[in-house]
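The values are calculated or read from the model by the stated rules, or taken from the named source; none is laboratory data. Please read these numbers as outputs of a predicted model, since none were measured by experiment. Positions of Cβ are generated from backbone atoms using ideal geometry, with glycine treated the same way; all protein chains shown enter the neighbour counts.
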Amino acid sequence: MEARIRSLIGPWDFDDPSSGTSNQVDLVEALHVFDSPGALTVTLSGTDEFGCTNATVHPIQVNANTLAGTIQYTSPLCEGDPTILHFDGNGNQFIWSHGTLGNDPVVTDAGAYGLTVTDNLGCRFEAIPAIVEILPEPAGLIRAIEKNDYGVIAAIHYDYYQTCYGEPVLLSLELQANYSVVWNTMSTDKALEFSVERGNALPVGTHVFSVMLTDPATGCTTQIGPMTVEVKSLPVNPFIAFDGTAPHCSFTGEVLRVKNIQPGISYTWSTQQNGTFIEVNSPGEYSVRAIDLFGCRAESNLLALDESPSTLLAPDGCHRGCKPDTLCIGTPGWLSAWQWMWNGNPIPAPQGQSAMLPIDQSGSYSLQLIHQNGCSADSDPFAMDLFDGISQFGGKVWFDVNNNGLIDAPDTLVPNIIVQLWDPNGNPVTSQSLPGKGYTFPDVPGLGDFVLHIDESSLPPSGVQYGRTVCLRSTVATSC
């Protein structure tokens, strides 16, 4: 049987003259497409090796293929949008090129979607493929920009940002094109800013932001986000106070202390010291900052440490002088009162409260100063060693020849004139001017107001006769 079949050499006759040369073919196996419907007879003839012939006749019914139609769909699509592939003709079975069965599949990907439709007679129809094009959706990111105290960008946060109440929150967009935007707050700005200065600071809690982007060139839209902003509450404002009672003065070891200490809070002072109390000495304002575990901060009240009087107004060290001497101080505007001290005891008023204190006793002196803010300070003691004074007077006697009240070129020296000196106690000391040398009073004890006087009885008669004026030119040297 198999040998006989292999010995068949043709031909096929498909009873379809309109198909031309395809109607008869000399093949063992043949495929024929009928162009017209109808009742036809297919004949297969064969001759064996002995010349015997035989023919097989098979009647067939070729049905008309009434399948027709197109695929209905939407293209181009925005990324993520679906379209329905719908064949608008009849059929019993629908096989799509992407493996889906049935009519009206939903697709979201770009591609060429082919369709084979089969009816109940087994007729098939290949529809023109649906070419689906996908337009890219708008793309962008929401970011939170964190700035430092100088307004310089310190960090950029995506997806999540944690901050403290009262801190400014700046949200902006990173976009790939010039899209139109609508925030879930209904704002259409490209950036949002929330701050106390603007009156719109975000309250404590969690805030979620999203943005709808629209590409004006394609009409495609997408929503980006969410961006979550968590606003933490601030610590309780610390309250600080000095230990003890006022006035609180510099360089007295005053202690500043937080009076309402909170658990879990660290405290940093304006001096950059940490802790719930500090000792302060320099005058000025002080405060403390409370910082919680999230880095949120709260400022305390300001307290001022008053300035103590500057003891630089008082002398210091060891001094030697002549009796009597004078101690003096400047009186700047902040100085409200002072008291001189001698050997640790206050010098009675009014001299003890005078800016210029005459002294004639050796010993240890100091000064107590009182600032107008109530702060006081005692200077370090300074030593004064005072000695009795010794003075020396000397000079020459001149005739004022031209009577001009000046000692000048025409004037002449007058010898042998008696010059008298009275010391501060009214005791006279007499000296005589010598030719060319003048007069001198050496080693005169005591300090104070001395008086020089010419004994007129010692003047030459010509001095009186011509009414000439006699002048003294004196020098004074004092030592102890």
In this structure, is Glu79 charged (D, E, K, R) and free of Cβ contacts under 8 Å to residues at least 60 places away in the same chain? no
First in the range 421-447 and small (Gly, Ala, Ser) and surrounded by fewer than 12 Cβ atoms within 10 Å (Cβ to Cβ), second anywhere and in a loop (DSSP other than H, G, I, E, B) and at pLDDT 75 or above, Cβ under 9 Å, 6 or more apart: Gly436/Pro415
Identify all residues within the range 210-233 that are assigned to a strand (DSSP E or B) and under 15 Å from Thr163 (Cα atoms); write none if there are none. Met227, Thr228, Val229, Glu230, Val231, Lys232
Give the residue, chosen from Tyr150, Tyr160, that is outside the structural domain of Gly295 (by TED's automatic domain parsing), in contact (Cβ under 8 Å) with a residue 40 or more places away in the chain and under 24 Å from the mean Cα position of the chain (by Cα). Tyr160
Could you please give the count of residues in the range 278-317 that are among the hydrophobic types (A, V, I, L, M, F, W, C), within 21 Å of Pro235 (Cβ to Cβ), surrounded by 14 or more Cβ atoms within 10 Å (Cβ to Cβ) and in contact (Cβ under 8 Å) with a residue 24 or more places away in the chain? 7
Quick check on this structure: which one of Thr218, Thr222, Thr228, Thr214 is outside the structural domain of Gly80 (by TED's automatic domain parsing), under 24 Å from Ala155 (Cα atoms), touching a strand residue (DSSP E or B) at 6+ places or on another chain (Cβ under 7 Å) and among the hydroxyl-bearing types (Ser, Thr, Tyr)? Thr228
